[in-house]
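Trainee: Can you read through this structure? Questions will come right after.
Since every read-out is calculated from the coordinates, none of them should be taken as a lab result. Values in this document were obtained by computation on a predicted structure and should not be read as measured data. Here the Cβ is made from the backbone with ideal geometry for all residues, glycine too, and neighbour counts use every protein chain on show.
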Amino acid sequence: MPESLSASAQKVQDALTARGFDACEVIELPDSTRTAAEAAAAIGCTVAQIAKSLIFKGRTSGDPVLVIASGTNRVNTQHIADLLGEPIEKPDADFVRERTGFVIGGVPPVGHSEPLVTFVDEDLRQYDVIWAAAGTPRAVFRLTPGDLERMTGGRVVQVT
């Protein structure tokens with residue numbers, strides 16, 4: 001691990017360590033990992049191996065909802081709304097930062113400002129190794145689908 005991580009990346013590393021995922025090492029890359037395609041190119045993996053964290057907002061409750069999807073999958077928002085029991089919408093960047101503690105393009109699966117209802121894409125289970133954002137648009141960490149499910153407590157579902 002580098003001598004020092006940025007504050008947001010360190011926050012994710014600390015959250016991983018606190019949950020017992022010491023083997024998950026946050027790294028900061030010179031290239032952007034803001035999108036799944038950028039992340040895959042920077043890491044050297046397939047786009048589908050990127051566990052992208054997408055934040056939605058419950059239209060009735062106003063609560064944030066985290067959907068962690070395979071990088072190649074487009075989330076079926078109606079399906080997620082049906083599972084959640086309320087319509088969802090795409091929030092603005094201020095909402096994402098305020099409710100998660102992270103900027104869009106760097107939202108990790110853990111370490112948020114508040115607990116989030118979380119859905120995990122079942123398609124991620126087909127990979128031995130996946131990569132997730134780690135607090136900034138240049139920070140990532142390597143994990144397994146099982147690690148992701150355990151660290152988030154998310155409900156594994158089809159998201160497409």
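Trainee: GNM on the chain, C-alpha springs below 10 Å: top fluctuator among Pro137, Pro109, Pro91?
Mentor: Pro91
Trainee: I'd like the Karplus ³J(HN,Hα) series for the stretch 52-63: coefficients 6.51, -1.76, 1.60, θ = phi - 60°, whole numbers in Hz, and an x wherever there's a Gly or Pro.
Mentor: Karplus-based 3J(HN,Hα) across the stretch 52-63 equals 7, 9, 10, 9, 10, 10, x, 5, 8, 7, x, 7 Hz.
Trainee: Any idea which of Gly105, Val12, Gly154 is furthest toward the positive side of the dipole for the stretch 7-157, if Lys and Arg beta-carbons carry +1 and Asp and Glu beta-carbons -1?
Mentor: Checked the options; the winner is Gly105.
Trainee: Taking the Cα centre of the stretch 7-157 as origin, sum charge times position over the Cβ atoms of Lys and Arg (+1) and Asp and Glu (-1), and report the length of that vector in debye to the nearest 20. Please report the intermediate quantities before stating the final value.
Mentor: On the way: 15 positive and 20 negative charges, 23 e Å.
Dipole about the Cα centre, nearest 20: 100 debye.
Trainee: Which percent, nearest 5, of DSSP beta bridges in the stretch 7-157 are antiparallel?
Mentor: Details: 15 of 24 bridges.
If we restrict to bridges inside the stretch 7-157, about 60 percent are antiparallel.
Trainee: Moving on. Using just the helices of the chain, give the 222 nm mean residue ellipticity in deg cm²/dmol: DSSP H runs with n ≥ 4 each add -39,500 (n - 2.57), and the total is spread over all residues, rounded to 500.
Mentor: On the way: 5 runs with 44 residues, N = 160.
So the calculated ellipticity at 222 nm is -7500 deg cm²/dmol.
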